[in-house]
There are 2 protein chains.
Amino acid sequence: MAPQLEPFFQQVDNLSPTFVDRLRKAVAIPSVSAQDENRKDVFKMAEFLASELESLGAEVQQRPLGKQPGKEHLELPPVVIARYGNDKNKRTILVYGHYDVQPALKEDGWATEPFELTEDSQGRMYGRGSTDDKGPVLGWLNVIEAHKKAGIELPVNLLCCFEGMEEYGSEGLEEFIQAESTKFFKDADAVCISDNYWLGTEKPCLTYGLRGCNYYSISVSGPAQDLHSGVFGGSAHEPMTDLVQILSKLVDTHGRILVPGLMDLVEPLTEDEKRLYPDISYTMENLHESLGSETGIHPTKEQTLMARWRYPSLSIHGIEGAYSAPGAKTVIPAKVIGKFSIRTVPNMESADVNKLVFDYIRAEFAKLNSKNTLDVWLQHDGKWWVASPKHWNFTAASKAVKQVFGVEPDMTREGGSIPVTLSFEQATGKNVLLLPMGSSTDAAHSINEKLDKRNYIEGSKLLGAYLHYVSEEPMKA
Amino acid sequence: MAPQLEPFFQQVDNLSPTFVDRLRKAVAIPSVSAQDENRKDVFKMAEFLASELESLGAEVQQRPLGKQPGKEHLELPPVVIARYGNDKNKRTILVYGHYDVQPALKEDGWATEPFELTEDSQGRMYGRGSTDDKGPVLGWLNVIEAHKKAGIELPVNLLCCFEGMEEYGSEGLEEFIQAESTKFFKDADAVCISDNYWLGTEKPCLTYGLRGCNYYSISVSGPAQDLHSGVFGGSAHEPMTDLVQILSKLVDTHGRILVPGLMDLVEPLTEDEKRLYPDISYTMENLHESLGSETGIHPTKEQTLMARWRYPSLSIHGIEGAYSAPGAKTVIPAKVIGKFSIRTVPNMESADVNKLVFDYIRAEFAKLNSKNTLDVWLQHDGKWWVASPKHWNFTAASKAVKQVFGVEPDMTREGGSIPVTLSFEQATGKNVLLLPMGSSTDAAHSINEKLDKRNYIEGSKLLGAYLHYVSEEPMKA
């Protein structure tokens with residue numbers, strides 16, 4: 001039986017000026033986590049969130065994380081955790097978001113003041129953090145407020161975990177989540193994260209997978225210092241020549257990874273999974289629009305999305321130590337470090353990938369017969385994540401989308417990684433759902449970041465409706 | 001008949017404290033041509049030189065070169081030109097040097113103040129510009145002074161051309177030389193340049209060849225802006241992947257250039273030329289010492305020197321637009337520009353080299369079947385130069401070396417380029433000799449630049465002795 005959501009929806013519509021005002025106040029606090037001089041604003045933003053949550057009746061704590069590693073003169077911003085409702089007969093949903101933002105300066109090319117929420121005639125609300133991630137975070141607050149005003153009880157217990165360092169590596173968060181999984185977060189039945197985006201601009205999506213990332217460095221060194229190419233060109237082994245040879249053996253123009261055995265680790269495509277793709281609202285024009293060119297590799301949207309979501313990729317990012325400025329310099333660099341990464345998917349285990357990569361690169365270098373010295377190492381890795389889209393957490397969200405937007409959501413994965421997803425899954429052992437509010441055109445991390453008013457207001461309805469469907473879903477889906 | 005040089009040599013020895021003092025005064029003027037704030041010092045150094053030359057009885061002019069292109073607030077330093085002697089019955093030798101220096105800061109790692117000439121117990125005189133090129137320039141002044149003091153007439157007419165922008169591209173000099181070739185320099189019978197170095201530390205050399213340099217850029221572009229490798233890795237053609245493929249086709253680990261047809265342009269090695277190499281004072285240990293490693297390509301000194309001097313080489317210098325900082329960044333660069341250069345030798349004409357390079361790179365890129373866009377262009381070229389080491393200009397210098405140092409000089413070429421050499425040859429149509437004063441350990445352009453007192457004092461004798469032998473050599477050698 002569908003829950004009765006009309007009174008809640010009505011209140012969201014009535015309160016929408018208040019909700020926009022809440023977002024305006026939040027955007028006005030330049031809580032840029034990457035810049036020392038804004039650390040006080042990140043704290044101010046935590047205070048703002050905590051006070052809003054308290055005035056709505058939540059039990060709130062601001063939990064310190066200590067000094068910032070490597071920048072010991074700075075305190076890390078607190079994790080704002082909150083509980084709203086404590087009814088043993090209700091499901092408990094743990095929601096995550098972040099209240100810090102990317103840097104932004106008007107002179108970077110913003111059309112409006114980045115820390116003043118500015119709505120245009122199309123209902124686009126411009127401002128740093130509007131979509132990433134203040135809008136979604138405030139969405140949960142809006143849900144509570146609209147329920148209170150409508151006189152409807154929240155159908156679940158809500159646990160909030162809002163961090164202030166997401167744009168700077170989520171310093172300290174993983175340990176915090178791990179520690180609280182048996183304490184503040186121990187009742188959580190499922191997790192919902194609203195910090196990604198729709199695939200397009202019209203149709204909401206639920207995200208059930210992310211690729212991992214193994215990031216590698218290859219160094220080649222020879223002479224003790226940089227050499228002049230006039231003096232030594234032709235008589236000394238050049239590290240750059242060798243590095244370029246090795247990098248050229250990693251991936252071909254069509255994105256095919258050349259490391260033997262690597263593709264054998266990839267989970268085969270099933271017919272079931274294949275069927276998820278044709279209905280997804282995405283076109284080759286969408287790809288060309290986001291590339292700004294027609295340089296896509298694959299001819300169909302299905303192949304394109306699979307290449308992005310469920311197959312690995314290898315990208316060469318650059319070379320450290322070589323000449324990288326404009327102009328001309330006739331240097332033979334003494335030591336060069338190539339950087340590349342592999343986006344990983346089920347069932348590629350990091351250790352297996354590393355072994356294949358290291359063995360292959362060392363073997364290829366040996367073939368060169370160079371007197372230079374090669375080293376290859378993993379800089380960092382992050383695991384891929386795939387959840388079951390048939391879990392009640394997802395079916396509830398899917399029904400909520402249908403209710404609010406009148407369409408079935410796209411079931412999507414993402415090519416990039418959102419490490420906190422895996423942290424929550426591993427710490428709580430519960431299903432994690434990514435339920436985005438913003439659309440693909442929101443320009444998170446770029447100039448002119450925005451959140452459409454529709455996404456914010458209907459998105460607040462979606463978050464609330466999701467909680468209602470969650471409370472009604474049978475235990476086993 | 002060998003000229004009577006003893007009285008001159010005696011005077012050089014007597015005057016050596018004066019000569020060292022002259023060098024001390026010159027080093028104390030920080031005539032750094034690359035730094036705006038030192039431009040006044042470059043002018044001061046021109047004034048110093050002009051006044052020293054005048055007091056020795058030379059006819060001197062400081063010739064302005066106008067505003068500095070691209071830095072119109074700066075006047076270019078003058079070319080100091082001088083004539084000493086105007087006897088139609090004597091040969092006229094045009095000598096070149098430069099009075100500007102590379103930048104230097106104590107904090108770069110100098111053991112002494114860079115602009116204070118500091119002699120150590122081994123007779124090493126440290127100071128910026130000591131060897132490059134103030135010592136050699138003052139050597140010519142020392143020659144005049146020692147002749148005057150000895151009461152010996154200079155056996156040739158001397159024309160001087162001392163410039164103040166050599167370390168910053170010799171702005172304006174080529175046009176000046178061209179213009180004066182029919183005026184101030186019109187009597188020159190041969191040219192002598194002292195601005196390079198001995199191959200080692202013990203044995204002087206005469207340099208009769210230089211490699212040229214063609215510097216290329218290859219750009220590959222695809223998307224309109226940088227992409228996130230998580231989102232687009234695997235679905236878009238990556239410019240960096242393509243560039244690395246192309247760069248890997250240019251040269252192999254052993255320095256073999258892979259551009260088809262290029263080696264066919266190289267002048268074959270003759271038996272005559274081959275015979276010049278075994279006697280050259282150079283060892284594989286010298287190579288390893290200057291590399292700071294044992295990563296030389298060739299097993300013998302002959303092959304090593306030929307690879308440096310008389311065969312072309314191709315070096316990949318770096319990539320502009322890719323990620324080049326330490327650490328990890330998961331970017332797919334939108335446009336990358338690879339830089340490489342080819343050191344050219346007889347008979348590689350620049351236009352022929354360009355055509356082979358462009359055709360090959362375009363053909364290799366076409367094979368990739370990429371949707372990205374490639375461009376390749378020449379950034380700049382400079383021609384190789386080879387003089388006849390049998391010309392009287394060289395035989396005179398060779399006899400002078402034998403007289404002063406008691407050994408036959410090494411007949412060397414250089415792997416790098418000294419563009420002014422070609423400018424003088426082309427403008428005057430006369431034989432050009434490179435007659436270095438400093439040794440291979442002088443660290444020109446580095447910290448702790450020095451000139452050994454022996455090289456300075458015996459070098460001044462060498463320059464004078466050379467002029468005497470020049471006056472006695474038969475017209476045809």
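Of everything listed in (1) farther than 21 Å from A:Gly169 by Cα; (2) buried (at least 17 other Cβ atoms within 10 Å of the Cβ), the single unmet condition for A:Val79 is (1). Taking segment B:263-280 as the search range and keeping residues that are of a type in the set (Asp, Glu) and loosely packed, with under 12 Cβ neighbours inside 10 Å, which one is nearest to B:Lys383 (Cα to Cα)? Among them, the one singled out is B:Asp264. Scanning segment A:282-307 for residues that are free of Cβ contacts under 8 Å to residues at least 24 places away in the same chain, in a loop (DSSP other than H, G, I, E, B) and surrounded by 15 or more Cβ atoms within 10 Å (Cβ to Cβ) yields a total of 3.
Residues in segment A:319-332 that are within 7 Å of chain B (Cβ to nearest Cβ) and in a loop (DSSP other than H, G, I, E, B) were compared, and the one that is farthest from A:Arg413 (Cα to Cα) is A:Thr330.
Just one of the listed residues (A:Val386, A:Val357) is away from every other protein chain (no Cβ under 14 Å), surrounded by 16 or more Cβ atoms within 10 Å (Cβ to Cβ) and within 21 Å of B:Glu238 (Cβ to Cβ), namely A:Val357. Scanning segment A:174-191 for residues that are touching a His at 6+ places or on another chain (Cβ under 8 Å), in the same structural domain as A:Pro136 (by the TED database) and either touching a residue at least 60 places away in the same chain (Cβ under 8 Å) or not basic (Lys, Arg) (or both) turns up at least one hit. Take the residues in segment A:324-344 that are touching a Leu at 6+ places or on another chain (Cβ under 7 Å) and not small (Gly, Ala, Ser), then tell me which one is farthest from B:Ser313 (Cα to Cα). Filtering segment A:324-344 for residues that are touching a Leu at 6+ places or on another chain (Cβ under 7 Å) and not small (Gly, Ala, Ser), the one farthest from B:Ser313 (Cα to Cα) comes out as A:Ile342.
Contact map, segment B:409-426: residues that are more than 14 Å from every other protein chain (Cβ to nearest Cβ) paired with residues that are outside any helix (DSSP H, G or I) and among the polar types (S, T, N, Q), Cβ distance under 6 Å, separation 6+ or inter-chain. Pairs shown: B:Asp410/B:Ser281. If you check A:Pro312 against the conditions, is it surrounded by 23 or more Cβ atoms within 10 Å (Cβ to Cβ), in contact (Cβ under 8 Å) with a residue 24 or more places away in the chain and over 30 Å from B:Leu305 (Cα atoms)? In short, yes. Tell me which residues, restricted to segment A:439-455, are surrounded by 24 or more Cβ atoms within 10 Å (Cβ to Cβ) and under 17 Å from A:Lys203 (Cβ atoms). Passing the criteria: A:Asp442, A:Leu451, A:Asn455.
Of the residues that sit in segment A:44-67 and are part of a helix (DSSP H, G or I) and closer than 25 Å to A:Glu153 by Cα, which one is farthest from the chain's Cα centre (by Cα)? Here the answer is A:Ser55. In segment A:208-218, the condition of being more than 14 Å from chain B (Cβ to nearest Cβ), within 19 Å of the chain's Cα centre (by Cα) and in a strand (DSSP E or B) is met by at least one residue. For segment B:97-113, a residue qualifies if it is buried (at least 20 other Cβ atoms within 10 Å of the Cβ) and touching a helix residue (DSSP H, G or I) at 6+ places or on another chain (Cβ under 6 Å), and the qualifying residues are B:Gly97, B:His98, B:Tyr99, B:Asp100.
Restricting attention to segment A:319-331, the residues that are under 19 Å from B:Leu243 (Cβ atoms) and either surrounded by 24 or more Cβ atoms within 10 Å (Cβ to Cβ) or not small (Gly, Ala, Ser) (or both) add up to 7.
Under the condition of being within 8 Å of chain B (Cβ to nearest Cβ) and touching a Gly at 6+ places or on another chain (Cβ under 6 Å), which residue from segment A:338-348 is surrounded by the most Cβ atoms within 10 Å (Cβ to Cβ)? Here the residue is A:Arg343.
Counting only residues that are part of a strand (DSSP E or B) and facing another protein chain (nearest Cβ under 7 Å), which one in segment B:308-318 is farthest from A:Ala325 (Cα to Cα)?
Looking at the filtered set, the residue picked out is B:Ser313.
Name the residues in segment A:360-370 that are surrounded by 16 or more Cβ atoms within 10 Å (Cβ to Cβ) and facing chain B (nearest Cβ under 9 Å), would you? Scanning segment A:360-370 gives A:Leu368, A:Ser370. Listed by position, the strands (runs of 3 or more DSSP E) inside segment A:123-196 whose residues that are under 19 Å from the mean Cα position of the chain (by Cα) and buried (at least 22 other Cβ atoms within 10 Å of the Cβ) number at least 2 are A:157-163, A:190-193. Taken over segment B:419-445, the residue count meeting the criterion of being part of a loop (DSSP other than H, G, I, E, B) and either over 16 Å from B:Pro136 (Cβ atoms) or touching a Ser or Thr at 6+ places or on another chain (Cβ under 9 Å) (or both) is 12.
Return the total of residues in segment A:333-371 being of a type outside the set (Lys, Arg) and part of a loop (DSSP other than H, G, I, E, B).
The total comes to 9.
If you go through segment B:388-407 and keep only what is in contact with a helix residue (DSSP H, G or I) (Cβ under 9 Å, 6 or more places away or on another chain), part of a loop (DSSP other than H, G, I, E, B) and at pLDDT 95 or above, you end up with just B:Val407. Entry remark, segment A:444-458: residues being in contact (Cβ under 8 Å) with a residue 40 or more places away in the chain and within 14 Å of chain B (Cβ to nearest Cβ) number 4 in total. All told, A:Glu175 meets the bar of being farther than 24 Å from A:Val470 by Cα and not hydrophobic (A, V, I, L, M, F, W, C).
Table: residues versus (1) at pLDDT below 95; (2) within 30 Å of A:Tyr216 (Cα to Cα); (3) outside the structural domain of B:Arg413 (by the TED database); (4) over 26 Å from the mean Cα position of the chain (by Cα).
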position: B:Ile337; (1), (2), (3), (4): no, yes, yes, yes
position: B:Phe340; (1), (2), (3), (4): no, yes, yes, no
position: B:Thr344; (1), (2), (3), (4): no, no, yes, no
position: B:Met348; (1), (2), (3), (4): no, no, yes, no
position: B:Val353; (1), (2), (3), (4): no, no, yes, no
position: B:Leu356; (1), (2), (3), (4): no, no, yes, yes
position: B:Leu368; (1), (2), (3), (4): no, yes, yes, yes
position: B:Leu374; (1), (2), (3), (4): no, yes, yes, yes
position: B:Leu378; (1), (2), (3), (4): no, no, yes, no
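Look at segment B:82-101: where a residue is under 13 Å from B:Ala188 (Cα atoms) and a partner is among the charged types (D, E, K, R), sitting 6+ places away or on another chain with Cβ atoms under 7 Å, you get B:Ala82/B:Glu59; B:Arg83/B:Glu59; B:Arg91/B:Asp189; B:Thr92/B:Asp187; B:Thr92/B:Asp189; B:Ile93/B:Asp189. Considering segment B:86-96, the residues that are of a type outside the set (D, E, K, R) and surrounded by 18 or more Cβ atoms within 10 Å (Cβ to Cβ) include one that is farthest from B:Asp442 (Cα to Cα), namely B:Thr92. Screening A:Tyr469 on (1) part of a helix (DSSP H, G or I); (2) over 16 Å from A:Ala397 (Cβ atoms); (3) over 21 Å from the mean Cα position of the chain (by Cα) shows it passes everything except condition (2). When the criteria are applied in full, A:Pro3 fails the requirement of being assigned to a helix (DSSP H, G or I) and more than 24 Å from the chain's Cα centre (by Cα).
The values are calculated or read from the model by the stated rules, or taken from the named source; none is laboratory data. Since the model is a prediction, treat every value here as computed from it, not as a measurement. Please note: Cβ atoms are built from the backbone with ideal geometry, for glycine as well, and neighbour counts cover all protein chains shown.
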